[in-house]
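Asks: Sharing a structure here in structure tokens format.
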Amino acid sequence: LPQCKINYIVNSVDSQAITTFYNINTPKIEKSYLSLPNTAWLVDTNHLHKVTNNGYREVLQFKFNHNFDDVFLSLKGRGPIMFQ
């Protein structure tokens, strides 16, 4: 089942907390992002990934049972997501 998530970083005590994604066919790092509060990332959870974190980290997740490209294209056409 295809799946992806939006990870919204609510809080992160560790300023160097990082999520790393690996190429499926090699151990090569493909992408990474820091856990900066008030940022959001669309994550392809079908890729191997890990979080390196040395402290409290609070994340709001939205899970989609659709592939990454379809969700990306749908969100791209809608503009920014705002939390109030």
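Asks: Which residues' amide hydrogens lie under 5 Å from the amide hydrogen of Asn46, considering only partners 5 or more residues apart or on another chain, with H built in the peptide plane?
Replies: Gln3
Asks: Something else about it: If a paramagnetic tag sat 7 Å from the Cα of Arg78 along the Cα-Cβ line, which residues of the range 1-34 would have the backbone N under 18 Å from that point?
Replies: Correct set: 3-9.
Asks: From the phi of every residue in the range 57-72, what ³J(HN,Hα) in whole Hz does the Karplus formula 6.51 cos²θ - 1.76 cosθ + 1.60 yield, where θ is phi - 60° and glycine or proline is x?
Replies: 9, 10, 10, 9, 10, 10, 9, 10, 8, 9, 6, 3, 4, 5, 5, 4
Asks: Further question on the same structure: Let me see the pair-distance distribution of the chain: every alpha carbon pair, 5 Å bin width, integer percents in order.
Replies: Spelled out bin by bin, the chain gives 3, 14, 22, 23, 21, 13, 4, 0, 0 percent.
Asks: Mean residue ellipticity at 222 nm from the helices of the chain, using -39,500 (n - 2.57) per DSSP H segment of n ≥ 4 over the full residue count, to the nearest 500 deg cm²/dmol?
Replies: Using -39500 (n - 2.57) per qualifying helix, the result is -3000 deg cm²/dmol.
Asks: Using a 1.4 Å probe on the protein chains only, how many percent of the accessible area of the chain belongs to carbon and sulfur?
Replies: Carbon-and-sulfur percentage of accessible area, whole number: 55.
Asks: Roughly how far apart, in whole Å, are the Cα centres of the range 26-42 and the range 43-84?
Replies: Here the answer is 10 Å between Cα centres.
Asks: Along the range 26-35, what does the Karplus equation 6.51 cos²θ - 1.76 cosθ + 1.60 (θ = phi - 60°) give for ³J(HN,Hα), rounded to whole Hz, x for Gly and Pro?
Replies: Running phi through 6.51 cos²θ - 1.76 cosθ + 1.60 with θ = phi - 60° gives 9, x, 5, 5, 9, 8, 7, 8, 7, 8 Hz.
The values are calculated or read from the model by the stated rules, or taken from the named source; none is laboratory data. All of these numbers come straight from a predicted model, not from anything done at the bench. Because the Cβ atoms are built from the backbone with ideal geometry, glycine has one as well, and the counts that use them run over all protein chains shown. Note: accessible area is taken over every heavy atom of the protein model, side chains too, but ligands, DNA and RNA are not part of it. Shrake-Rupley method; radii C 1.70, N 1.55, O 1.52, S 1.80 Å.
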